Amino acid sequence: MTTTVTDTSISREERALASRTPRSLWSDAWRRLLRNKAAVAGMIYIGFLIVLAFVAPLVAPHNPVQIIPGNSLRQAAWISTPDRPDVTGTWEHPLGTDTIGRDVLSRLIYGVRTSLLVGFVPMILTTIIGSVVGLIAGYWGGAIDSSLMRFAEIVYSFPSFLLFIIVMAALKDTPIGRFWNGFLILFGALSLVLWVDIARLVRGQVLSLKEKEFTEAARAIGVSTPAILFRHLLPNTLGPIIISAAFIVPGAIITEAVLSYLGIGVRPSTELDALFPVSWGNMILDGKSTVVSQPWLLTAPAIAIATITMAFTFIGDGLRDALDPRETS
């Protein structure tokens, strides 16, 4: 009798498990990502910055390029200087003003747009270039693979930051360098170097996947090569690609800030209706000489750069853990 009850119990459990909808790899990865508190905090913070970038004209107290007469180097709102009423802090300018009277908080808010654009656009371009090169090299192999990988090694061996400086300095005053305040050559310089890592990663994945049964079956039934590459091989390499792409964003943001600090990055705009009037790197450059008289001109963008890079790093770490096939749910 006991045996019968046990068998019935087991069969019910098996039926319950069989009726349960199977979870996909991506749903399991999403569940693991949500369990990573640092990654979730990073996603919430980046989501907040994206919203802030869209609503910047509504929340910024002033136009970021507007020069307010008689307000040069005004202190933050909580700093009082009774002997210097012309620079004492007011809540009209919560973080004070810069050397020519522009509101620091407004410039900080609009700088979010520049940093997100500089982070995401090179990441998308780099991912596309690296993925295509890696797919071609890994799938065809032979002379094509050797040629592409030798070229990748040449690019990889050149000091990347030195290349950024050379490209930006050489093209800064040309028509292409002035186009769109220098964003175009910045995107090109970043994409010119950063694609190598993704290309080598995708190539390694494809070398393994092209020998799998599903690839052989697709070739056997006459599926075209582009379809095999982009409908069968590429989706199976998305995990490592997503992880690498997440780490590209903070690197691009820091690179732009350093180049702008050196004076060869994005050009600051003077147009009142500019979409991307300022970058945090430009603000750090402006605040370098006023760190004593107006510390928030330097401190505020430095903190902003640090927090956004930390957020993307947390997201990248979370994605690496979530998409690792050796992780258990």
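Peptides 50-61, 227-238, 81-92, 198-209 ranked from most to least packed, by the mean per-residue count of other Cβ atoms within 10 Å: 198-209, 227-238, 50-61, 81-92. Across the chain, the mean sequence separation of Cα contacts (distance under 8 Å, 6 or more residues apart), normalised by length, yields a relative contact order of 24 percent.
Remark: segment 71-87, residue by residue, has Karplus-estimated 3J(HN,Hα) of 10, 5, 6, 6, 6, 5, 4, 8, 9, 10, 10, x, 7, 10, x, 6, 10 Hz, where x stands for each Gly or Pro and the curve is 6.51 cos²θ - 1.76 cosθ + 1.60 at θ = phi - 60°.
3J(HN,Hα) along segment 188-199: x, 5, 5, 5, 4, 10, 6, 6, 4, 4, 5, 4 Hz, from the Karplus curve 6.51 cos²θ - 1.76 cosθ + 1.60 with θ = phi - 60°, whole Hz, x for Gly and Pro.
Per residue, the chain reaches -21500 deg cm²/dmol at 222 nm when only DSSP H runs of four or more residues are counted, each adding -39500 (n - 2.57).
Tell me the Kirkwood hydrodynamic radius of segment 42-322 in angstroms, computed as one over the mean inverse distance between distinct C-alpha pairs.
Taking every pair of different Cα atoms in segment 42-322, averaging 1/r and inverting gives 20.9 Å.
Each residue of segment 117-123 was assigned a 3J(HN,Hα) from its phi angle through the Karplus curve 6.51 cos²θ - 1.76 cosθ + 1.60 (θ = phi - 60°); the sequence is 5, 5, x, 7, 5, x, 5 Hz, with glycine and proline shown as x.
Each value in this text was obtained by applying a stated rule to the coordinates, not by laboratory testing. What you see is a predicted model, and the numbers here were worked out from it, not measured in a lab. Using ideal geometry, Cβ is built from the backbone for each residue, glycine included, and neighbour counts are taken over all protein chains shown.
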